[in-house]
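Written out below as structure tokens is the structure these notes cover.
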Amino acid sequence: MAEYYSLQELMRMIAKAVEAIADTVSDQEAREFVGEVLMAKRIYVTGAGRSGLMAKAFAMRLMHLGFESYVVGETITPAMHDDDLLVAFSGSGETRSIADICRTAQTVGGTVALITTNPDSTVAQVADLLVVLNSNPYDIGGLPTEFGIRQLTGEHRSDAGYTPKAPIGSIYETAAGVFADSVIIALMQIRHCGMDEVIRRYANIQ
């Protein structure tokens, strides 16, 4: 049997990568994002593919804290208006459908926040505020270059060496999920929200 990294080792590699990404997050961007969430009348989330799953998880956790949160595209999502916030999750910032949603949100008076790896992207030019998660392994000091991290960042080994296949890999979604959970914890602290209150909002008909 071929030698491979243990799952524990791979988990440590991922944790180290996320820690390195956390070190690149702007404190000002993070504070502005939390402030916008607190001020918003309603919070809408959007994202494509795996990023969309992170967005839905964030919306669910916001609901658990008592925020009025919705997922763009769902049948029960109401119209967006002034004082509402759209949170877009897009690693590349170039997904056309997400760019269109962000532009539409602004035309109806909404504020657009983007969680991304690319501050120079199409969606970033549209957004009112950004949170940049630098998931480029060559730009983060100390980020491991082991096989597991190459897989997560979309690089795979070939006879010619390591060739980038997908510049924005799943390490972005992992970091975005951790960032979103950190926002939830911060909101719990700010609003003095205890676990008993959160648990009361858990689904009980599923």
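The values are calculated or read from the model by the stated rules, or taken from the named source; none is laboratory data. Computed from a predicted model, the values in this text were never measured in an experiment. In this analysis, Cβ positions are derived from the backbone assuming ideal geometry, glycine residues included, and neighbour counts consider all displayed protein chains. All accessible areas refer to the heavy atoms of the entire protein, side chains included, with ligands and DNA or RNA removed. Shrake-Rupley method; radii C 1.70, N 1.55, O 1.52, S 1.80 Å.
So here's what we get for this one:
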{"item": "Selection from the stretch 24-66 of residues that are small (G, A, S) and either at pLDDT below 95 or within 20 Å of T104 (Cα to Cα) (or both)", "result": "A40, G47, A48, G49, S51, G52, A55, A59, G66"}
{"item": "Any pair with Cβ under 7 angstrom, 6 or more apart, that starts in the stretch 10-27 at a residue that is part of a helix (DSSP H, G or I) and ends at one that is at pLDDT 90 or above", "result": "I14/T174; V18/T174; V18/A175; V18/V178; I21/L133; I21/A175"}
{"item": "Residue within the stretch 83-98 that is farther than 18 Å from K41 by Cβ, acidic (D, E), open to solvent by 70 Å² or more (accessible area, probe 1.4 Å) and not in a loop (DSSP other than H, G, I, E, B) present", "result": "no"}
{"item": "Matching residues, the stretch 99-123, being open to solvent by 10 Å² or more (accessible area, probe 1.4 Å) and farther than 16 Å from V71 by Cα", "result": "R103, Q106, T107, V108, G109, T117, N118, P119, D120, T122"}
{"item": "Residue selected from the stretch 183-198 under the condition part of a helix (DSSP H, G or I) and in contact (Cβ under 8 Å) with a residue 24 or more places away in the chain, by the criterion farthest from the chain's Cα centre (by Cα)", "result": "E197"}
{"item": "Filter result for M80 (in contact (Cβ under 8 Å) with a residue 12 or more places away in the chain, open to solvent by 40 Å² or more (accessible area, probe 1.4 Å) and in contact with a Lys or Arg (Cβ under 9 Å, 6 or more places away or on another chain))", "result": "no"}
{"item": "Single residue of the stretch 67-80 satisfying the filter (of a type in the set (A, V, I, L, M, F, W, C) and in contact with a strand residue (DSSP E or B) (Cβ under 8 Å, 6 or more places away or on another chain)) that is nearest to G110 (Cα to Cα)", "result": "M80"}
{"item": "Number of the exception - R31 against (1) closer than 17 Å to L129 by Cα; (2) part of a helix (DSSP H, G or I); (3) in contact with a helix residue (DSSP H, G or I) (Cβ under 8 Å, 6 or more places away or on another chain)", "result": "(3)"}
{"item": "Residue in the stretch 49-64 that is under 16 Å from A186 (Cβ atoms), among the hydrophobic types (A, V, I, L, M, F, W, C) and not in a helix (DSSP H, G or I) present", "result": "no"}
{"item": "Filter result (part of a helix (DSSP H, G or I), among the β-branched types (V, I, T) and over 18 Å from F33 (Cβ atoms)) within the stretch 102-129", "result": "T104, T107, T122"}
{"item": "Single residue of the stretch 49-65 satisfying the filter (open to solvent by less than 40 Å² (accessible area, probe 1.4 Å) and in contact (Cβ under 8 Å) with a residue 24 or more places away in the chain) that is nearest to D181 (Cα to Cα)", "result": "F58"}
{"item": "Qualifying residue in the stretch 164-171 (condition: farther than 21 Å from L38 by Cα, open to solvent by less than 20 Å² (accessible area, probe 1.4 Å) and at pLDDT below 90)", "result": "yes"}
